[in-house]
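Visitor: The following block contains the structure, expressed as structure tokens.
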Amino acid sequence: MRLLIHTTLFLSVFIFIGSSRIFSVEPSPQVQADTLVNTADTVGVSVAPVTSLLVDDYKYDNGEQLNLSWVPSIDDQLIDGKVSVYRVYRITNDSTRELIAELPPGSNSFTDKNLNRHDTYRYIVAAVSASDDEVLSTTTEPVQPQREWINFRRGYLFLLALIIGGAVIYYIQSARRGKKLFVRKIAGLEAVDEAIGRATEMGRPILYIPGILDMDDVQTLAAITILGRVAHQIADYDTKIRMPVSRSLVMTAARETIKTAYQTAGRPDQYSDDMVSYVTDEQFGYVAAVDGIMVREKPATVFLLGAFFAESLILAETGNSIGAIQIAGTARPAQLPFFIAACDFTLIGEELFAASAYLSGEPKALGSLKGQDVGKAIAMIVILVGVIAVTIGNAWDVKFMNDVKDMLTTIFSTQ
Amino acid sequence: MEHVAVWIAAFLTLGIISFLYKDNPWYKLSEAIFVGISAGYWFVVLFWDNIYGKFWVGVFPPDVVDEAGNFVSHGVPDYALIVGAVLGVLMLARLLPGVGWISRWPLAFIVGCTSGLYLMNYFSSNIMRQVQGTIIPLFGIGYGASVYEIIGNIVIVGGTFAGLVYFFFSKEHRGAFGATAKVGIWVIMITFGASFGYTVMSRMSLLIGRIDFLFGDWLGLIK
Amino acid sequence: MRREVPLFITFFIGMLLIFSVFIPPMESLGEDFTVFFDIIAVFAFFLGGGNLLRVHVSKLTRQKRDWQYSIVTLLGFAVTLVIGLFKIGNPGGIAAAPTAAGSLFQEIFDYCLVPLGATMYSLLAFFVASASYRAFRAKNREATILLIAAFIILLGRTPFGTVVTGWIPESFDVLQVPNLAVWIMNAPNLAGQRAIMIGIGLGVVSMSLRVILGIERTYLGEDKS
């Protein structure tokens, strides 16, 4: 109930601010563009030139883009059109003109990118006939792209990130103050303890595979944070962990993580760098080696957590064939079905990122999960309101509903 | 030369396939070759691409020349790259006794980068874009949808909704909420089934590719 | 101190990148940092490669089980490294790209790594078969649903599906397997994908915040090391 209240509160704030449209995009003012046309520099009069060529600064960028727009040649018709192509020429500072784009008939705008805001630019657009006769527009006045310091186009993104990020931080703080939070049981994570216990009883190692990507992937980061919790339990049970990795940085991070876990568990002397070893960066070379380790060392428990690609099934099936308990998890939807088919427990998408918080049992970490739920509730309410609005607005043309729909589309558009 | 190379390739191919029977010396040999060569290969590629291609060329850029090879201007050096190299060198502090802890700085930098970059990327691509994509008219534009399409649209919206309910952590899956979560996991299972069925066929073609190599390129039995 | 500095670095860099999205002059920061990452990763390889050498040399010297294969690994590693770094057998010499056509380095790739990788990849065909077999013995309702959906999609991609359900009258043509497969891909499959993706998005936001705020920090080690 309280969750519902908080969600409603967040949502009403966001709709209120949203509807006031404080960040709505103003039409960009025209920057020093020349509108004189039609006095064309004509080479072989076969088509009429483009008219009203305008250059605008591209708003809210780092001074690297200019927008061009024009009215197409009157000979650019859908049927029997005489224009075969438009050529856009640029003159940087006072150098000679260079061709920067060829656009199909019907084009009436172009965005010139990768410019330098310290340079000045002039443009010419040529209408070209089928016989390759160019008819040039007049040259625009020199324009410099302008740099803006804040991208107001992303105002709604900022607002939404603030609301959902704020919800996460709010619940972390309230848990820190001692508020009790409920988190439902996640089967795959409940099984971790049992899986480690099993390896201990059998006297066999635990194999931990953190995926095949480097530390610049968020799934690998999740795998390392989970490792922190799992290694702590492994140290408690005094079981062996084996962690072959395919990236050197992951090796370094994993060693630090396991070392910390052994220290906090009060067994620093049991830790050894040999627990983590680098194999190769090559995807299938790594898989060949891990498969070999599986069949030779017969680990009792296998963790497959992180970013996996085609190798997911090769690893999971080999693990299955040696009778290991397997706990897998990834955020790649295409690989999840294979884990589900071949592993005992699978963490699906979001559960992978929630796992370390869940396993830690620390109130502030659990608080962040509650914050995530607020995000889900907001998403669900927006979907529901949006679908009702667009369905009614579309079928019966109700203005209010169309306004609601337009507002949601504006807020959730990503640029 | 090429003939020998094809024989080597065939030898290694059969070595890997032999793993399906059981672990054996042939597989172990192929695996050892694979690991050794590939580790060396990737270091070489990354060294030339990143240390030479990105760092060295970035800090000491060549002169800009025109098509005829005449000098146009000096390249603009990007000295910021030195920060990256310094962080890289700090990473090696682990090799020295006593100052190993300094290697946590580049690690902290990388973790900060990954968190910050992914947070905003996923926020717009996964949350905002998917929510926006789910806002669809149930009866189609101007009431134009067929019965199947209407059912499909209801399934899309209802399924997404139920799937999200399944992922709720802070509420017990009981009663109506639990029933919705159940529907949610069913929808997710259909997704996985679809993905599974879709992939099975393409995996078979991989095997056909290798058989084609063995019997075609190597033995010449298939033309 | 040893712990505070890295925590501050993570916090500062994380926040900087979050805000860079809204500040045009800083928008390229993410790309710049990615290049830094690429450079750091190569330096880190000295640790990884060093570890690979250490593991296999120690296996060799202590004559552990299967030590003979370590010789092969070490040889393969050293030879590839020397050939690639000094561009031995490269027709273009030291100035050419290491992977230039006709270079010894590229031949190693073409005739060793490609067949090895492709064969390892092709083992999937066998593993898909065994996984499908296991899925066939669907243990519970969820597994049964997965199986049915997989079966329909699989049938829908083969002519067999058309043959089996071709008799269904046109007014119920959605029930013909190929059409049903399309419907599954476009409706429930899409719904599931969306729910998973939104969930992942929220999970990433929440975990990243925990990392940036220093709640998740086991990777940074203990204060006293």
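Visitor: With every protein chain present, what accessible area does A:TYR237 have (1.4 Å probe, heavy atoms only), rounded to the nearest 10 Å²?
Guide: Roughly 80 Å² of A:TYR237 is accessible to a 1.4 Å probe.
Visitor: Here's a follow-up. Over all distinct alpha-carbon pairs, what is the Kirkwood Rh of the stretch B:136-223 in angstrom?
Guide: One decimal place: 16.7 Å for the Kirkwood radius.
Visitor: Counting only protein chains, not ligands or nucleic acids, how are B:PHE71, C:PHE36 ordered by accessible area (probe 1.4 Å), most first? Numbers along the way, then the final one.
Guide: On the way: B:PHE71 115, C:PHE36 15 Å².
Greatest to least solvent exposure: B:PHE71, C:PHE36.
Visitor: Could you list the residues of the stretch B:129-145 with an amide nitrogen less than 18 Å from a label point located 7 Å from the Cα of A:MET407 in the Cα-to-C-beta direction?
Guide: From the stretch B:129-145, the list is B:132, B:135-136.
Visitor: Using only the Cα atoms, what convex hull volume per residue in Å³ does chain B have? Please list the in-between numbers first.
Guide: Values: hull volume 85.5 nm³, N = 223.
Given the Cα convex hull of chain B, per-residue volume reads 383 Å³.
Visitor: Find how many whole Å separate the alpha carbon centroid of the stretch A:344-384 from the alpha carbon centroid of the stretch B:199-223.
Guide: For the stretch B:199-223 versus the stretch A:344-384, the Cα centre distance is 45 Å.
Visitor: Mind listing which trypsin sites (Lys or Arg not before Pro) in the stretch C:165-225 are in a DSSP loop and have 15 or fewer other Cβ atoms within 10 Å? If you can, show how the numbers build up before the last one.
Guide: Details: sites: C:ARG194, C:ARG210, C:ARG217, C:LYS224; in loops: C:ARG217, C:LYS224.
Answer in residue order: C:LYS224.
Visitor: Something else now. With a ≥ b ≥ c taken as the square roots of the eigenvalues of the C-alpha gyration tensor of the stretch C:93-225, please select rounded if a/c is under 1.5 and otherwise prolate if a/b is larger than b/c or oblate if it is not?
Guide: On the way: a/c = 2.47, a/b = 1.33, b/c = 1.85.
Because a/c hits 1.5 or more and a/b fails to exceed b/c, the stretch C:93-225 counts as oblate.
Visitor: Here's something else I'd like to know. Report the longest stretch of chain B that contains none of the GluC sites (Glu not before Pro) sitting in a DSSP loop with at most 16 other Cβ atoms within 10 Å. Before the final figure, lay out each step's value.
Guide: On the way: sites that count: B:GLU67, B:GLU172.
In short, B:68-171.
Visitor: Continuing with this model, one more query. Just report the Cα centroid separation between the stretch B:18-48 and the stretch A:158-233, whole Å.
Guide: Between the Cα centre of the stretch B:18-48 and that of the stretch A:158-233, the gap is 33 Å.
Visitor: Taking Cα pairs under 8 Å and at least six residues apart, what relative contact order does the stretch B:136-223 come out at, in percent?
Guide: 18
Visitor: If the cut-off is 16 Å between C-alpha atoms, which lysines fall inside it for B:LYS182, apart from same-chain ones fewer than 8 positions away?
Guide: Within the straight-line cut-off, B:LYS182 pairs with A:LYS185, B:LYS171.
Visitor: Further question on the same structure: Determine the total buried accessible area between chain A and chain B, counting protein heavy atoms only with a 1.4 Å probe; round to the nearest 100 Å². Working shown, then result.
Guide: Details: alone 21280 and 17990 Å², together 33430 Å².
It comes to approximately 5800 Å² buried between A and B.
Visitor: To the nearest 10 degrees, how steeply does helix B:147-166 sit against the main Cα axis of chain B, on a 0 to 90 scale?
Guide: 70
Visitor: Just counting partner chain Cβ atoms within 10 Å, what average do the residues of peptide C:66-76 show around their Cβ? Before the final figure, lay out the partial values.
Guide: Working: counts 5, 0, 4, 10, 3, 2, 10, 12, 2, 4, 10.
Partner Cβ neighbours, averaged per residue: 6.
Visitor: Enter the buried accessible area of the C/B pair, total of both sides, probe 1.4 Å, in Å² rounded to the nearest 100. Walk me through the numbers before you get to the answer.
Guide: Values: alone 17550 and 17990 Å², together 25560 Å².
Accessible area lost upon association: around 10000 Å².
Visitor: Rounding to the nearest 10 and keeping the result within 0 to 90°, find how far the Cα-based axis of helix B:25-46 lies from the longest principal axis of chain B.
Guide: That works out to roughly 80 degrees.
Visitor: Could I have the simple spin-label model distance between B:ASP23 and A:ALA187, label points 7 Å from Cα toward Cβ, reported in nm to one decimal?
Guide: My value for the distance between the label points is 3.1 nm.
Visitor: So how do B:SER18, A:SER368, A:SER321 rank on accessible area, 1.4 Å probe, biggest first, that is with the largest at the start?
Guide: Details: B:SER18 25, A:SER368 0, A:SER321 90 Å².
Most to least solvent-accessible, the answer reads A:SER321, B:SER18, A:SER368.
Visitor: Quote the relative contact order of chain C in percent (integer), defining contacts as alpha-carbon pairs under 8 Å separated by 6+ residues. Walk me through the numbers before you get to the answer.
Guide: On the way: 116 pairs, mean separation 44.5, N = 225.
Answer for chain C is 20 percent.
Visitor: In debye, nearest 20: dipole of the stretch A:130-218 around its Cα centre with unit charges on the Cβ of K, R (+) and D, E (-)?
Guide: Working: 11 positive and 12 negative charges, 264 e Å.
Once rounded to the nearest 20, the dipole reads 1260 debye.
Visitor: Among rounded, prolate and oblate, which fits the protein assembly as shown when a ≥ b ≥ c are the square roots of the eigenvalues of its C-alpha gyration tensor, a/c under 1.5 means rounded, and a/b larger than b/c means prolate?
Guide: Working: a/c = 1.43, a/b = 1.21, b/c = 1.18.
In terms of gyration-tensor shape, rounded.
Visitor: Using a 1.4 angstrom probe with every protein chain in place, what is the largest-first accessible-area order of B:LEU206, A:LEU160? Display every interim value, and only then the final one.
Guide: On the way: B:LEU206 45, A:LEU160 10 Å².
Ranked list, largest accessible area first: B:LEU206, A:LEU160.
Visitor: Okay, next question. Helix A:311-321 versus the longest principal axis of chain A: what angle, 0 to 90°, nearest 10, using Cα atoms?
Guide: With rounding to tens, the tilt is 20 degrees.
Visitor: Determine which residues of the stretch A:116-137 fall in the zone a paramagnetic label at C:ASP32 would reach in this model, i.e. backbone nitrogen under 18 Å from the point 7 Å along Cα→Cβ.
Guide: The answer is A:116-118, whose backbone nitrogens lie closer than 18 Å to the label point.
Visitor: In deg cm²/dmol, rounded to 500, what helix-only [θ] at 222 nm does chain A give when every DSSP H run of at least 4 residues adds -39500 (n - 2.57) and the total is split over its residues? Could you put the intermediate results ahead of the total?
Guide: On the way: 11 runs with 186 residues, N = 415.
Calculated from helices alone, the mean residue ellipticity at 222 nm is -15000 deg cm²/dmol.
Visitor: Radius of gyration and Dmax for chain A's Cα atoms, expressed in Å?
Guide: Final numbers for Rg and Dmax: 30.3, 91 Å.
Visitor: Only Cα pairs under 8 Å and at least 6 apart count here; give the relative contact order of chain A as a rounded whole percent. Mind showing how you got there, number by number?
Guide: On the way: 770 pairs, mean separation 62.3, N = 415.
Relative contact order of chain A: 15 percent.
The values are calculated or read from the model by the stated rules, or taken from the named source; none is laboratory data. Because the structure is a prediction, the values reported are computed rather than measured. Note that we place each Cβ from the backbone using ideal geometry, even for glycine, and neighbour counts take in every protein chain shown. To get the accessible areas, we keep the full protein, side chains included, count just its heavy atoms, and leave off ligands, DNA and RNA. Shrake-Rupley method; radii C 1.70, N 1.55, O 1.52, S 1.80 Å.
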